[in-house]
1. Limited to the range 99-142, what total is found for residues that are away from ligand 2 (no atom under 13 Å from the Cβ) and polar (S, T, N, Q)?
2. Looking only at residues in the range 204-218 that are part of a helix (DSSP H, G or I) and under 21 Å from SER166 (Cα atoms), which one is farthest from the chain's Cα centre (by Cα)?
3. Output the number of residues of the range 199-248 satisfying the condition of being away from ligand 2 (no atom under 16 Å from the Cβ), in contact (Cβ under 8 Å) with a residue 12 or more places away in the chain and of a type in the set (Val, Ile, Thr).
4. Considering only residues that are surrounded by fewer than 21 Cβ atoms within 10 Å (Cβ to Cβ) and assigned to a loop (DSSP other than H, G, I, E, B), which ones fall in the range 233-258?
5. Could we say that LEU185 is touching a residue at least 40 places away in the same chain (Cβ under 8 Å), part of a helix (DSSP H, G or I), among the aliphatic types (A, V, I, L, M) and out of contact with any helix residue (DSSP H, G or I) (no Cβ under 7 Å at 6 or more places or on another chain) here?
6. Inside the range 158-180, can you point out the residues that are surrounded by 18 or more Cβ atoms within 10 Å (Cβ to Cβ), under 26 Å from ASP191 (Cα atoms), within 9 Å of ligand 1 (Cβ to nearest atom) and not aliphatic (A, V, I, L, M)?
7. Answer with yes or no whether GLN194 is surrounded by 22 or more Cβ atoms within 10 Å (Cβ to Cβ), in a helix (DSSP H, G or I) and away from ligand 2 (no atom under 13 Å from the Cβ).
8. For the range 225-261, which residues satisfy the criterion of being over 10 Å from the mean Cα position of the chain (by Cα) and within 24 Å of GLN194 (Cβ to Cβ)?
Amino acid sequence: MIAVLIIGAVFAAVLAGSIFVFAPHPQEVPVAESPSPSNTPSPSTSPTPRPDAPLKLTFDRRQFSIDDPASLWVVVDKLRPLNPANYAAPDLIQTPVPFVNSPVLRKEAADQIVAMFAAYTAETGNKMQAQSAYRSYDVQVNVYNGWVAQLGQAGADLTSARPGYSEHQTGLAMDISAVPNTCALDQCFADTDQGKWLAANAYKWGFILRYPNGMTDITGYEFEPWHYRYVGISLATEMHTTGIQTLEQFFDLPAAPHYAN
Ligand code: DAL
Ligand code: ZN
């Protein structure tokens with residue numbers, strides 16, 4: 001009887017041991033994640049890193065300059081004017097898409113706009129168009145002064161950049177509108193089919209919504225659902241995946257609600 005009890009106890013201990021040995025380590029138990037975008041690897045191909053493992057950096061935030069006006073990543077805001085102030089990119093070309101104002105952009109951004117507009121039309125049967133793209137320093141002088149005449153300087157500064165401070169001068173930004181042209185340069189563009197599609201899909205062609213809703217304290221501008229900025233597919237996708245909405249936050253730059261002077 002005692003022998004039976006001892007054998008039983010030993011068997012139970014071995015069984016418990018094997019459960020202990022073969023039970024998954026708590027850190028290796030798959031963690032339920034919120035739904036991931038379709039273009040990110042599934043958890044099975046990308047296991048949750050152990051807390052004690054070195055952080056694996058998959059994206060180099062300093063690959064390209066954010067200061068050089070010729071860089072696809074240049075950050076222009078109220079604290080970061082273009083340098084030189086009258087900069088004009090050497091590779092500006094006409095962008096062959098429907099337009100309100102004839103659209104010029106840098107070559108890579110122009111090619112991506114053409115591809116993005118075509119994809120939108122193929123998917124939905126609808127069309128979008130260029131409202132305004134590259135603006136030189138001198139053109140921005142007129143645009144900004146027009147807004148000041150209409151809204152006063154404080155109002156103008158919430159919607160229009162001063163000359164030398166506009167992303168439009170980089171040749172990488174485009175204001176996009178719908179065909180037919182409803183809600184052009186109006187916040188109701190966000191509710192159009194074109195506005196909704198762009199907000200969900202523009203990153204796939206390398207564009208970001210540069211002045212998102214609720215970010216005025218960071219970007220310095222009111223919500224502009226029509227203003228898209230080309231930064232390249234890798235950065236646009238990284239911002240989409242991480243949910244970081246502004247270039248200022250992504251690159252740890254100071255918020256730029258106001259001009260320095
Ligand atoms: N509307 C944007 C801020 C610009 O004028 O560049
Ligand atoms: Zn714009």
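1. 8
2. ASP217
3. Here the count works out to 4.
4. Scanning the range 233-258 gives GLY243, ILE244, GLN245, PHE251, ASP252, LEU253, PRO254, ALA255, PRO257, HIS258.
5. no
6. SER160, SER166, GLU167, HIS168, ASP175 - these are the residues of the range 158-180 that are surrounded by 18 or more Cβ atoms within 10 Å (Cβ to Cβ), under 26 Å from ASP191 (Cα atoms), within 9 Å of ligand 1 (Cβ to nearest atom) and not aliphatic (A, V, I, L, M).
7. Answer is yes for this residue.
8. Those that are over 10 Å from the mean Cα position of the chain (by Cα) and within 24 Å of GLN194 (Cβ to Cβ): PRO225, TRP226, HIS227.
Read-outs: derived from the displayed coordinates by stated rules, not from any lab. These figures come from a predicted structure and were not determined experimentally. All Cβ positions, even for glycine, are placed from backbone atoms using ideal geometry, and neighbour counts span all protein chains on display.
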